[in-house]
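Only one structure is covered here, and it is reproduced in the block below.
A short reminder: the numbers here are calculations on the coordinates, not readings from a lab. Small disclaimer: the values here were computed from a predicted structure and weren't measured. Neighbour counts are summed over all protein chains in view; Cβ atoms, including those assigned to glycine, are modelled from backbone coordinates with ideal geometry.
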Amino acid sequence: MSITDTGTETPLVDQEELDRARREKIMRMARWLLPSLVLILSVLAWHLYVTIAEVPHYILPGPGLVAQKMVEDWPLLWPAMVITGRLTLLALLMAVAGGVVLAVAFTQSKWAEMSFFPYAVILQVTPVVAIAPLLQIYIDNAFMAALLCAWIVAFFPILSNTTIGLKSADHNLEDLFSIYGATRWQKLRYLYAPTALPFFLGGLKIAGGLALIGAVVAEFVIGRAGTGLGLASTLLEASYRFNFGRLYAALILISVMGVVIFALMSTISYLALFRWHESALKRE
Amino acid sequence: MSLSRPPLGERSTLLQMNHVEKTFRGNIVALKDMNLTVNEGDFISLLGPSGCGKSTALRIISGLMQPTAGQIRWTGGQSKDDLGVVFQEPTLMPWARVVDNVWLPFRLRGISYNEVKDEVLQALKLVGLEKFQRAFPRELSGGMKMRVAIARAMVTKPRLILMDEPFAALDEITRHKLNQDLLALREAIGCTVIFVTHSVFESVFLSDRIVVMAARPGRVIRQLEVDAAYPRTEEFRTSAEYAAHCREASDALHQAIGEAA
Ligand SMILES: Nc1ncnc2c1ncn2[C@@H]1O[C@H](COP(=O)(O)OP(=O)(O)OP(=O)(O)O)[C@@H](O)[C@H]1O
Ligand SMILES: [Mg+2]
């Protein structure tokens, strides 16, 4: 009995738990430290390469020049970023609305799905670069044309994910709802919609990135026709003028936008799911 | 608040299955000429080998499936408030807290939570989970989830509760505990139960009537009465009476398996 007596005064935390706690702490720091280190090292390498090899700035500008351009051209870059951002977010919002409404229509009516789903697929598989010039011809307003272009790219993952999600309800739960006499609307509201939520949010993450890509493509193709200059148009124009500092500054800003959108969508997804969904749970 | 039940022979009829048949595509006869009288207060077990149509019978009683022939007659007609169901899986909504899962049957009738708060909490208390009302299903063990499912089935005080192998996926200790709790609950709310099981022991412990079914085609081959008094405790499991009933039910089950082969 003396064996069981030991260690009753202090709260017993075993070595394994301590090790795990320490490991977690290190991991948390490493998650930020390592990528930051990689960033610093690559910028340094970039700088050294450009200076030592004496690469001309119209081939590859050094990080210093890019930073300088970023500050100098900020009055020009910022409005461009606002335009691209607005285009992307509007396209994403419309993709969410369109995708969700269509998905609900498809799951409520087999006929609607059979009639229209193939065309949704065709719209998706046709490269948007090929459609964009046409849109420009038929739609006078260049912003609307660009918006439509970005929307086409972004809406499909929402549609297809939400459709699958709405069909993934537990069969027993469906039976239960039927036994309790649930109406169609009640089933949709209390069963199908919550079931579809994680699928929809997965689609949203993809759609966020695609909306930006759609916006960039649209600006490349349509933006040249003298519309408001977004980041992508700015980038293209800078390349014509061999203004490579500005080009890189615009490129970096586009990447930053992509990262911000991804982080935003991930946060939304986490907040919506962390209480109950497996994907958001921390494993012990 | 225990309700006394009249003895087996003197109960009023709740529903009757008359010559019920079910044939699936490909001429699979899942049920052939099934006749069953369910009385108020009965605890009936459907016992039989896999594929003998136990689940099909429950689905037909619940109205989820129409019989190919024959009919179900409820005394005094049936309304959708008459039923509670428990499946083999707990079948909880993972996105909803325990209270909201139990509230569901009311919610689907358009009754707000505040109106039925007392009933919901009372049901959770009866299954011993009042402390977990704010938990999500993933935070509960398998046995606890099943308790929530049982609370949901009885919260509306339905006339009949259908249970399709509710404890088959649980370990033996948990299953025994739930068997007992189920009997206690039945005493407390006085409902009628049809309970599907593969287990001879479980059927004898729980029910006052065992309906033994055979497969291909699915049909009732025998009905046994277990006249041991309730409440039945763990001691009942070791009694000679229990052993005798188990032997009888086991023989009937073997006969059912033999007839199918
Ligand atoms: N929807 C269906 N379509 C076609 N055949 C079915 C369907 N449901 C059940 N069956 C068949 O009907 C028969 C009875 O099935 P049922 O599920 O009622 O058996 P069970 O007694 O519940 O079996 P288990 O103990 O394995 O759950 C089986 O042969 C099964 O293959
Ligand atoms: Mg079954």
Out of all the residues in the stretch B:47-67, which are in a loop (DSSP other than H, G, I, E, B) and either within 14 Å of chain A (Cβ to nearest Cβ) or not hydrophobic (A, V, I, L, M, F, W, C) (or both)?
B:GLY48, B:PRO49, B:SER50, B:GLY51, B:GLY53, B:GLY63, B:LEU64, B:MET65, B:GLN66, B:PRO67
Out of all the residues in the stretch B:80-91, is one or more of a type outside the set (Lys, Arg), within 15 Å of ligand 1 (Cβ to nearest atom), free of Cβ contacts under 8 Å to residues at least 24 places away in the same chain and surrounded by fewer than 19 Cβ atoms within 10 Å (Cβ to Cβ)?
no
Taking A:GLY203 as the residue in question, decide whether it is under 20 Å from A:PHE274 (Cα atoms) and away from chain B (no Cβ under 14 Å).
yes
What residue, of A:LEU33, A:LEU41, is surrounded by 11 or more Cβ atoms within 10 Å (Cβ to Cβ) and part of a helix (DSSP H, G or I)?
A:LEU33
Within the stretch A:162-190, the residues that are more than 14 Å from B:SER62 (Cα to Cα), not in a helix (DSSP H, G or I) and not aliphatic (A, V, I, L, M) are A:LYS167, A:SER168, A:ASP170, A:THR183
Criterion: under 13 Å from A:SER160 (Cα atoms) and buried (at least 20 other Cβ atoms within 10 Å of the Cβ) - qualifying residue of A:ALA132, A:ALA95, A:ALA146, A:ALA80:
A:ALA95
Within 14 Å of chain B (Cβ to nearest Cβ) and aromatic (Phe, Trp, Tyr), is that true of A:TYR119?
no
Residue ID - farthest from the other protein chains (Cβ to nearest Cβ), chosen from residues in the stretch A:235-278 that are in a loop (DSSP other than H, G, I, E, B) and aromatic (Phe, Trp, Tyr)
A:PHE242
Please specify each residue of the stretch B:55-89 satisfying the condition of being within 16 Å of ligand 2 (Cβ to nearest atom) and either on the phi > 0 side of the Ramachandran plot or in contact with a Lys or Arg (Cβ under 6 Å, 6 or more places away or on another chain) (or both).
B:THR56, B:MET65
B:PRO217: within 14 Å of chain A (Cβ to nearest Cβ) and either crowded, with 20+ Cβ neighbours inside 10 Å or within 16 Å of ligand 1 (Cβ to nearest atom) (or both), yes or no?
no
Return the residues of the stretch B:97-119 that are within 8 Å of chain A (Cβ to nearest Cβ) and either within 16 Å of ligand 2 (Cβ to nearest atom) or without any contact (Cβ under 8 Å) to a residue 24 or more places away in the chain (or both); say none if nothing qualifies.
B:ARG107, B:LEU108
Filtering the stretch B:114-155 down to residues that are outside any helix (DSSP H, G or I), surrounded by fewer than 21 Cβ atoms within 10 Å (Cβ to Cβ) and touching a helix residue (DSSP H, G or I) at 6+ places or on another chain (Cβ under 6 Å) yields B:GLN133, B:ALA135
Test result for B:ALA30, within 15 Å of ligand 1 (Cβ to nearest atom) and away from every other protein chain (no Cβ under 14 Å)
yes
